[in-house]
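Structure, as structure tokens:
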Amino acid sequence: MDEACARAGIHSADDLRELGADAAYARLLASGSRPHFIGYYVLVMALQGRPWNDCKGKEKEALRKRFDAIKARAAKDPDRLPDGLSRFLRDIGLSD
């Protein structure tokens, strides 16, 4: 997680808290991390100071909807590939 956060430009717990779970997770996806619901809700629970397995029922269903929305936005983002690969491909005429 430390390496994934560093790739996403998140270098401290304070950075993570300042961004919040949704924005931080979106950055992780944009920097090349693969989406995984458990990782997302563990992050949400950690930022709330709660055990990861405390998420249940309707709360977990609501988090699943938030996760799906973040993942969908990331899939539409043309710069979601790591290291600006999407921008490079566009610049050399291989994508729109």
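Below, the figures for the structure above:
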read-out: Meets criteria (at pLDDT 90 or above, under 11 Å from the mean Cα position of the chain (by Cα) and open to solvent by less than 80 Å² (accessible area, probe 1.4 Å)) for Ala46; value: no
read-out: First in the range 1-24 and on the phi > 0 side of the Ramachandran plot, second anywhere and surrounded by 11 or more Cβ atoms within 10 Å (Cβ to Cβ) and modelled with pLDDT under 90, Cβ under 8 Å, 6 or more apart; value: Gly9/Ser31
read-out: Residue within the range 5-16 that is surrounded by 12 or more Cβ atoms within 10 Å (Cβ to Cβ) and touching a Phe, Trp or Tyr at 6+ places or on another chain (Cβ under 7 Å) present; value: no
read-out: Cβ pairs under 8 Å, 6+ apart, first in the range 45-67 and without any contact (Cβ under 8 Å) to a residue 12 or more places away in the chain, second part of a loop (DSSP other than H, G, I, E, B) and open to solvent by less than 70 Å² (accessible area, probe 1.4 Å); value: Met45/Cys55
read-out: Sole residue being open to solvent by 70 Å² or more (accessible area, probe 1.4 Å), modelled with pLDDT under 90 and assigned to a helix (DSSP H, G or I), chosen from Leu85, Leu89; value: Leu85
read-out: Within the range 63-77, tally of residues that are open to solvent by less than 70 Å² (accessible area, probe 1.4 Å) and farther than 21 Å from Leu16 by Cα; value: 3
read-out: Count of residues meeting criterion [surrounded by 16 or more Cβ atoms within 10 Å (Cβ to Cβ) and among the β-branched types (Val, Ile, Thr)] in the range 21-42; value: 1
read-out: Residue list for the range 35-51, filter: part of a helix (DSSP H, G or I) and either more than 14 Å from Glu18 (Cα to Cα) or among the β-branched types (Val, Ile, Thr) (or both); value: Phe37, Ile38, Gly39, Tyr40, Tyr41, Val42, Val44, Met45
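The values are calculated or read from the model by the stated rules, or taken from the named source; none is laboratory data. What you see is a predicted model, and the numbers here were worked out from it, not measured in a lab. Every residue, glycine as well, gets a Cβ built from its backbone with ideal geometry; the counts of neighbours run over all protein chains shown. Surface accessibility is based on the protein's heavy atoms, side chains included, excluding ligands, DNA and RNA. Shrake-Rupley method; radii C 1.70, N 1.55, O 1.52, S 1.80 Å.
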